[in-house]
Amino acid sequence: MGRVAVGGGLGGVLLLLLSMFLGVDLSGLGGGSAPVPGAAQQRQEAPSQAALPEDEARRFISRVLAETEQVWNQAFQALGRRYEEPVLVLYSGATRSGCGAAQAQVGPFYCPADKRVYIDLDFMGRLLRQLGAPGDFAAAYIVAHEVGHHVQNELGVLERVEGLKRRTDQRTANELQVRVELQADCLAGLWAKRAHDARRILEAGDIEEGFRAAAAVGDDTLQRKSQGYVQPETFTHGSSEQRLRWFRRGLESGQLSVCDTFQPGPL
């Protein structure tokens with residue numbers, strides 16, 4: 001299978017929670033479209049039978065991706081490094097990645113083996129149509145989080161963590177994965193801060209939508225909704241409070257140094 005995909009695993013529970021936290025009905029989200037031209041190199045999947053009539057998701061994802069590229073190219077240049085931009089794969093229903101096969105139910109994910117961000121185009125298209133501006137920042141947060149995993153891959157974080165996880169027990173491996181996900185949340189906030197400072201990309205209400213989206217996908221919230229109780233030892237993404245706090249930390253600072261989730265101590 002190669003290296004393990006990062007992110008994803010949200011499925012139908014994510015739709016329920018986004019509906020609840022964002023105040024919109026997302027129950028009709030489902031699959032059926034294909035990759036399209038965007039700001040990064042992209043891979044073509046099988047054509048869809050149900051293309052988006054106005055290409056809202058295509059244009060939106062391209063804009064968000066272009067913004068992440070500007071921010072991360074500059075950030076890596078300041079580190080004396082070159083940023084290798086990720087490949088974006090927009091797919092419908094199911095796809096194959098360097099990390100194995102994936103169904104749309106896993107949600108957006110990043111595969112470090114092929115350095116590709118995978119996003120189900122129909123999911124994002126319907127999400128954007130249901131939310132509308134300025135709620136589309138919740139969708140931008142999703143894209144920026146997955147790009148954050150690519151940044152971690154470029155910096156060697158994912159490889160080091162996978163090495164540690166192979167030498168430890170499952171509970172400790174889960175804790176390490178939580179640190180990976182919270183760092184990606186912080187990096188998403190960092191991106192939003194720098195992009196807005198440079199180009200004023202945010203509108204009234206955008207930040208609140210980002211906060212709600214971050215809180216909506218906390219492990220405790222997801223578990224409580226899906227099974228009625230919380231099992232902290234099984235967390236792999238962090239609690240709602242943690243995800244919101246780390247996203248906010250990156251957003252308020254805009255500095256890489258504040259996104260070190262691997263320092264000893266509580267998260």
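Taken together, the values in this text are just the output of simple stated rules run on the coordinates, not laboratory data. Small disclaimer: the values here were computed from a predicted structure and weren't measured. Quick reminder, even Gly has a Cβ in these numbers, built from the backbone with ideal geometry, and neighbours come from all protein chains shown.
Data table
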quantity: Estimated inter-spin distance, V230 and A101, nm [label 7 Å along Cα→Cβ]; calculated: 3.6
quantity: Rounded, prolate or oblate (a/c below 1.5 giving rounded, otherwise prolate when a/b exceeds b/c) for the stretch 124-267 by Cα gyration tensor; calculated: oblate
quantity: Simple label model, 7 Å out from Cα along Cβ direction - V87 to Q170, nm; calculated: 3.3
quantity: Net lengthening on full extension, S253/A66 (0.36 nm per residue, minus Cα-Cα); calculated: 65.2 nm
quantity: Estimated inter-spin distance, R199 and A94, nm [label 7 Å along Cα→Cβ]; calculated: 3.7
quantity: Aspartates and glutamates whose Cα lies under 19 Å from that of K115, excluding same-chain neighbours fewer than 8 positions away; calculated: E45, E67, E69, E84, E85, E146, E154, E159, E162, E181, D185
quantity: Histogram of C-alpha separations across the stretch 185-267, 10 Å bin width, %; calculated: 19, 43, 28, 10, 1
